[in-house]
Amino acid sequence: MSAKTFIALFSGINVGGNRIVKMAELRAFFEDLGFSEVATYVQSGNAVFRARKGDAATLTKQIEAAFEKKWGFHSRIMVRDLSWFERLVNENPYPEAAADHTKLHAYALEREPTAEEVARLAEKCTGPERFEIKGDVLYLSAPDGLGKSVFANLIPRVLKVPCTARNWRSVLALLEMAGKAGKN
């Protein structure tokens, strides 16, 4: 059986000088778990890797448990496969915002939100931002940038679906890295 490419998105590591995880240590951690072609992207906890067995849900549980054991704190991890990332990029409803990576973000959601959850979030979207949810992805167009977006800070609390966000530059970089994995 050939290996399949996955991307792991970590939440809450290396934020504000807390919960520090060095990327070299994170790469070694993935290799110790038996994964191959491990690569990391920026300090916020993004890893591309190849696995011979397991699906995204199984790998998420395995990596979360091993991570907590090694580092002593919990980090919510979203593991997605290459086709999920390809779909995320191809289905971007805001191509005009993609040119400026500070104005377009994708949120990996733990599950697809219910209609009620989406409606509750839509009620809070009163500023210049626009969002669209496609399956387990929330796309956020923030014309003034994420840092100035009041709405962006409300998303996790109002939607109540665990999520982790990445700017568009990170999304494209991870897709490129994942696309190269296994082709060497």
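The values are calculated or read from the model by the stated rules, or taken from the named source; none is laboratory data. Just so it is clear, the structure is predicted and the values come from calculations on it, not from any experiment. Cβ: placed from backbone, ideal geometry, glycine included. Neighbour counts: every protein chain shown. The accessibility values were calculated without ligands, DNA or RNA, using every heavy atom of the protein model including side chains. Shrake-Rupley method; radii C 1.70, N 1.55, O 1.52, S 1.80 Å.
Of all residue pairs spaced 6 or more apart or on separate chains, those with beta-carbon atoms under 8 Å, a first member in region 155-183 that is under 18 Å from residue 123 (Cβ atoms) and a second member that is basic (Lys, Arg) are 158/120; 158/124; 159/120; 161/111. Hey, can you tell me all the residues within region 45-74 that are part of a loop (DSSP other than H, G, I, E, B) and surrounded by fewer than 18 Cβ atoms within 10 Å (Cβ to Cβ)? Of everything in region 45-74, those that are part of a loop (DSSP other than H, G, I, E, B) and surrounded by fewer than 18 Cβ atoms within 10 Å (Cβ to Cβ) turn out to be 52, 53, 54, 55, 72, 73, 74.
Scan region 15-33 and give yes if some residue there is within 16 Å of residue 85 (Cβ to Cβ) and more than 13 Å from the chain's Cα centre (by Cα), otherwise no. Looking through region 15-33, none of the residues is within 16 Å of residue 85 (Cβ to Cβ) and more than 13 Å from the chain's Cα centre (by Cα). Residues in region 130-153 that are open to solvent by 20 Å² or more (accessible area, probe 1.4 Å) and either under 27 Å from residue 86 (Cα atoms) or in contact with a Leu (Cβ under 7 Å, 6 or more places away or on another chain) (or both): 12 in all. If the condition is being in contact with an Asp or Glu (Cβ under 7 Å, 6 or more places away or on another chain) and surrounded by fewer than 20 Cβ atoms within 10 Å (Cβ to Cβ), then region 154-168 contributes 160, 162. Check off (1) in contact (Cβ under 8 Å) with a residue 60 or more places away in the chain; (2) basic (Lys, Arg); (3) more than 28 Å from residue 19 (Cα to Cα) for residue 80 and give me the number that stays unchecked. Of everything listed in (1) in contact (Cβ under 8 Å) with a residue 60 or more places away in the chain; (2) basic (Lys, Arg); (3) more than 28 Å from residue 19 (Cα to Cα), residue 80 misses just condition (3).
Somewhere in region 93-105, is a residue hydrophobic (A, V, I, L, M, F, W, C), part of a strand (DSSP E or B) and crowded, with 17+ Cβ neighbours inside 10 Å? For region 93-105, residues hydrophobic (A, V, I, L, M, F, W, C), part of a strand (DSSP E or B) and crowded, with 17+ Cβ neighbours inside 10 Å: present.
Screening residue 145 against (1) within 17 Å of the chain's Cα centre (by Cα); (2) at positive phi leaves a single unmet condition, (1). Contact map, region 112-130: first residue within 12 Å of residue 159 (Cβ to Cβ), second residue among the aromatic types (Phe, Trp, Tyr), Cβ cut-off under 6 Å, separation 6 or more or different chains; pairs are 125/151. Of everything listed in (1) part of a strand (DSSP E or B); (2) touching a residue at least 60 places away in the same chain (Cβ under 8 Å), the single unmet condition for residue 85 is (1).
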